[in-house]
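So the structure is just underneath, and the comments pick up after that.
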Amino acid sequence: MLGAVIFDFDGVITDSEILHFRAFNAVLSDHGLELAKKEYYANYLGLNDKDCFRTLIGEGRLGIKASQIGELIRRKTLVFEELARTDGKIIEGVRPFLDMLASHAVPMAICSGALRAEIELILDDSGLRDFFRAIVSAEQVKRGKPHPEGFLLTLKKLNERLGSPITAEQCVVVEDSHWGLKAAQAARMHTVAVTNTYDADQLTSADKTVERLDSLTLGDLTQLCH
């Protein structure tokens, strides 16, 4: 039985992966580093801000101390928020898909490696905030994707708000990257990959892959939970 649908945010609901890329480079440029788009998408896109900066330090590419990461995150968030206000947009097919789920009273939540302020900004501007019963963002977990902590916390928060609890096996997760798919699968949830960020051949671990969310039916989602 389908109990809930949990969405990643960047690259699933909003076309913001490229905005994060631009915001990272705006901050990294002050330290003499610029990431190529290809390497960012291949190696860093699925990481939250802290893990991305931490990885670059560990690779010897970013010459700062770990204690300075917080300030870089703050600066990167300011750049991203400005970009989101001017260049952010909701991906085609998302709104009708959310409407369809809401019409069938399917609970929805977000589990993202983005910061809460970034998520709330875009949801409020687009009028989508009321669709989601729970939001789990980067600062709420110790271990980001591909670790399942975020999805397990999302399920916990959903169950605190629902009249009757649901299990991980009753959840369908919508993701756009292999990091997210791995995290959802580790949480024992079913997965749908949407090809907004990566081609289908890079998302083969998903239970189902689609080009647009509004191509999915309630029957498709229910079948995944059988």
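Bear in mind these aren't lab numbers, they're just calculated from the coordinates by the rules spelled out. Small disclaimer: the values here were computed from a predicted structure and weren't measured. Note: ideal-geometry Cβ built from the backbone for every residue, glycine included; neighbour counts use all protein chains shown.
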Would you grab the residues whose amide H sits under 5 Å from the one on Val136? Only those 5+ places off in sequence or on another chain, please, with H modelled 1.01 Å from N. Ile110, Cys111, Ser112
Relative contact order %, region 17-87, counting alpha carbon pairs below 8 Å whose residues are six or more apart: 45
Return the sequence-ordered ³J(HN,Hα) values of region 18-33 in whole Hz as given by the Karplus equation 6.51 cos²θ - 1.76 cosθ + 1.60 applied to θ = phi - 60°, using x for Gly and Pro. 5, 6, 4, 4, 5, 5, 4, 5, 4, 7, 5, 4, 5, 10, x, 10
Show me the ranking of peptides 86-93, 115-122, 145-152 by mean Cβ neighbours inside 10 Å, starting with the highest. 145-152, 115-122, 86-93
With respect to the cross-link table entries Lys38/Lys157; Lys65/Lys156; Lys76/Lys156; Lys38/Lys156; Lys38/Lys89, which display a Cα-Cα separation exceeding 32 Å? Lys38/Lys157; Lys65/Lys156; Lys38/Lys156
Per DSSP H run of n ≥ 4, the term is -39500 (n - 2.57); total these for the chain, divide by its residue number, and report the mean residue ellipticity at 222 nm rounded to 500 deg cm²/dmol. -12500 deg cm²/dmol
Quick one: what does P(r) look like for the chain with 5 Å bins over all Cα pairs, in whole %? 1, 7, 15, 20, 21, 16, 10, 6, 3, 1, 0
At a threshold of 8 angstrom on Cα-Cα distance, excluding pairs fewer than six apart, so keeping six or more, what relative contact order does the chain reach in percent? 26
Would you order Phe9, Phe80 from fewest to most other beta-carbon atoms within 10 Å of each residue's own beta-carbon? Phe9, Phe80
Just check region 179-226 against the gyration tensor rule for me: Cα atoms, a ≥ b ≥ c as the square roots of the eigenvalues, rounded for a/c under 1.5, and otherwise prolate or oblate depending on whether a/b exceeds b/c. oblate
Considering only C-alpha atoms, what is the centroid distance from region 81-102 to region 114-176, in Å? 16
May I ask you to sort His31, His178, His226 by Cβ crowding, counting other Cβ atoms within 10 Å and putting the fewest first? His226, His31, His178
Taking Met1, Met189, Met100 and counting other beta carbon atoms within 10 angstrom, the fewest-first order is Met1, Met100, Met189
Rounded if a/c under 1.5, otherwise prolate or oblate - region 17-87, Cα gyration tensor axes: oblate
